[in-house]
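The values are calculated or read from the model by the stated rules, or taken from the named source; none is laboratory data. Not measured: the values here are computed from a predicted model. Here the Cβ positions follow ideal geometry from the backbone for every residue, glycine too, while neighbour counts run over all protein chains shown. Calculation scope for accessible area: heavy atoms of the full protein, side chains included, ligands and nucleic acids excluded. Shrake-Rupley method; radii C 1.70, N 1.55, O 1.52, S 1.80 Å.
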Amino acid sequence: MMVLADTLEKLSNACGIAGREEEVRSLMRNFLKPYVDEVKEDKLGNVIGIKKGKKNAPKVMLAAHMDEIGLLVKTISKEGFIQFAKIGGIDDRILLAQKVIVYTEKGPLHGIIGSKPPHIQKEEERKRVLTYDELFIDIGAENQEQAKKMGVKIGDPVGFDIKFAKVGKNIVIGKAFDDRVGCAVMVEAMKRLEKTECTVYAVGTVQEEVGLRGATTAAFGIYPDVGIALDVTIAGDVPGVREVEAPIKLGKGPSIEIADMGLIAHPKVVRLLVDAAEENKIPYQLETGLPGSTDAARISLTREGVPSGVISIPTRYIHSPSSLLSLEDAEKTVKLTVAAVQKIPKYF
Ligand SMILES: [Zn+2]
């Protein structure tokens, strides 16, 4: 589990706003390399680690997305403040007063998301949430010219300034666990797979957060017989959440998804995952009715169709600057992934 934590730490601290996944991509290439026969990259930037199996055995595609939600520099004001666009589903309420990093060609710059000070806001203004276009990033530049000299350009990616931390025995806090934990689990699963009958394609996908785009092209190229997305799901075991709204709990093992907005998991894949969990005494949770979707939704619609499913790691505070998860759950997800891949030839 130490190795898994270490891999997750490196991936979590890296920046990979959707469409700007370079840093995560190079980490993934290096992480996958020792455990696969070949590492490829497709034209959109997906990283594909291939572990060859027996001839005529099924092809399986594992997918974990490398990108994260974030911001892009939209305009630089005369006074040197940066206004921004949002990339992916970001709630305006979580933006104010966040520390961020602007990734410029000349290197990273620290900044704070600011607003008009509350003291001088009108009564009405104080009552409502300030929307992102009323906020700005302050990098301490005196004016536009200085901001440009510091390296800031329109379109530069901006990420949250959060460092990975261990908080409890097996609990960690960090940035972009959605879906760096899926990436870390995939790497670890490839390491432990050793021999397989199936040919396994371990894919770090791009641009998931803006519409499952990378998975679409990767799956088209691979055209697997089975698709499994490794992603996070909402752990709803916090105050104010009713069980019916989010029944998945932290520390109770991976979640096997039945259905979400974009996918009804193929019954044979659900059977495979449940059997693999039960035979190996891996605790698991079942989940349905999820808002949103994962890469598996796109994989399943490839060409003539691909039976697909999702294994998710319960995670609190998804789509906010920091989230929290249990390394035990991540470890059990690795075990379940390995066990499922080994069983695939019996089911497909
Ligand atoms: Zn995700």
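Quickly run through the range 49-101 and pick out the residues that are within 16 Å of the ligand (Cβ to nearest atom) and assigned to a loop (DSSP other than H, G, I, E, B).
Selection gives M66, D67, I69, G88, G89, I90, D91.
Tell me whether the range 200-220 contains one or more residues that are of a type in the set (V, I, T), without any contact (Cβ under 8 Å) to a residue 60 or more places away in the chain and assigned to a loop (DSSP other than H, G, I, E, B). Spell out the reasoning first.
Filtering the range 200-220 down to residues of a type in the set (V, I, T) leaves 200, 203, 205-206, 210, 216-217.
When the remaining residues are screened for being without any contact (Cβ under 8 Å) to a residue 60 or more places away in the chain, the result is none.
Within the range 200-220, not a single residue is of a type in the set (V, I, T), without any contact (Cβ under 8 Å) to a residue 60 or more places away in the chain and assigned to a loop (DSSP other than H, G, I, E, B).
Within the range 182-199, which residues are surrounded by fewer than 24 Cβ atoms within 10 Å (Cβ to Cβ) and either assigned to a strand (DSSP E or B) or among the β-branched types (V, I, T) (or both)? Show your work before the answer.
Step one: filter the range 182-199 for residues surrounded by fewer than 24 Cβ atoms within 10 Å (Cβ to Cβ), giving 191-199.
If the condition is that a residue be surrounded by fewer than 24 Cβ atoms within 10 Å (Cβ to Cβ) and either assigned to a strand (DSSP E or B) or among the β-branched types (V, I, T) (or both), then T196, T199 are the ones that fit.
Can you tell me which residue among L325, L290, L301 is in contact with a strand residue (DSSP E or B) (Cβ under 6 Å, 6 or more places away or on another chain), farther than 21 Å from K191 by Cβ and of a type in the set (A, V, I, L, M)? Show your work before the answer.
On the way: L325 fails: farther than 21 Å from K191 by Cβ; L301 fails: in contact with a strand residue (DSSP E or B) (Cβ under 6 Å, 6 or more places away or on another chain).
Every option except L290 fails the conditions.
Listed here are the residues, each with its yes/no results for (1) modelled with pLDDT under 95; (2) open to solvent by 90 Å² or more (accessible area, probe 1.4 Å); (3) touching a strand residue (DSSP E or B) at 6+ places or on another chain (Cβ under 7 Å).
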| position | (1), (2), (3) |
| --- | --- |
| E68 | no, no, yes |
| G89 | yes, no, no |
| A97 | yes, no, yes |
| P117 | yes, no, no |
| R126 | yes, yes, no |
| Y132 | yes, no, yes |
| M150 | no, no, yes |
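Can you tell me how many residues in the range 86-109 are touching a helix residue (DSSP H, G or I) at 6+ places or on another chain (Cβ under 8 Å) and of a type in the set (A, V, I, L, M)?
Selection size over the range 86-109: 2.
Residues being under 20 Å from the mean Cα position of the chain (by Cα) and either outside any loop (DSSP other than H, G, I, E, B) or away from the ligand (no atom under 16 Å from the Cβ) (or both): count how many of those fall in the range 291-311.
Going residue by residue through the range 291-311, those that are under 20 Å from the mean Cα position of the chain (by Cα) are 291-300, 308-311.
After this cut, where a residue has to be either outside any loop (DSSP other than H, G, I, E, B) or away from the ligand (no atom under 16 Å from the Cβ) (or both) as well, the list is 295-300, 308-311.
Of the residues in the range 291-311, 10 are under 20 Å from the mean Cα position of the chain (by Cα) and either outside any loop (DSSP other than H, G, I, E, B) or away from the ligand (no atom under 16 Å from the Cβ) (or both).
So if I check each of K86, K78, K74, K54, which one is basic (K, R) and more than 21 Å from K153 (Cα to Cα)?
It is K54.
Among the numbered criteria (1) open to solvent by 10 Å² or more (accessible area, probe 1.4 Å); (2) within 16 Å of the ligand (Cβ to nearest atom), which single criterion is violated by T205?
(1)
For K332, which of the numbered conditions (1) modelled with pLDDT of 95 or more; (2) closer than 30 Å to K55 by Cα; (3) surrounded by fewer than 19 Cβ atoms within 10 Å (Cβ to Cβ); (4) not polar (S, T, N, Q) fails to hold?
(3)
What are the pairs with Cβ atoms under 6 angstrom where one residue, in the range 145-166, is farther than 17 Å from L72 by Cα and the other, located anywhere, is modelled with pLDDT of 95 or more and crowded, with 20+ Cβ neighbours inside 10 Å? Sequence gap at least six, or different chains.
Taking only residues 6 or more apart or on different chains, the pairs are Q146/G80; I162/K175; F164/S12; F164/G174; K166/V172.
I'd like to verify a number: residues in the range 99-111 that are open to solvent by 50 Å² or more (accessible area, probe 1.4 Å) and closer than 16 Å to D156 by Cβ, how many?
Adding up the residues that qualify gives 5.
State all residues of the range 295-320 that are closer than 30 Å to F160 by Cβ and open to solvent by 10 Å² or more (accessible area, probe 1.4 Å); if no residue qualifies, say none.
Scanning the range 295-320 gives R298, R316, Y317, I318, H319, S320.
Is there a residue in the range 234-253 that is closer than 27 Å to K175 by Cα and under 17 Å from the mean Cα position of the chain (by Cα)?
yes
For the range 272-290, does any single residue satisfy the condition of being assigned to a loop (DSSP other than H, G, I, E, B), small (G, A, S) and more than 23 Å from E328 (Cα to Cα)? Walk me through how you get there before you give the answer.
First pass over the range 272-290, keeping only residues assigned to a loop (DSSP other than H, G, I, E, B): 280-284.
Filter again for small (G, A, S), leaving none.
Looking for residues that are assigned to a loop (DSSP other than H, G, I, E, B), small (G, A, S) and more than 23 Å from E328 (Cα to Cα), one finds none in the range 272-290, hence no.
Would you point out the residue of the range 212-252, among those that are open to solvent by 30 Å² or more (accessible area, probe 1.4 Å) and within 14 Å of the ligand (Cβ to nearest atom), that is modelled with the lowest pLDDT?
The qualifying residue modelled with the lowest pLDDT is I234.
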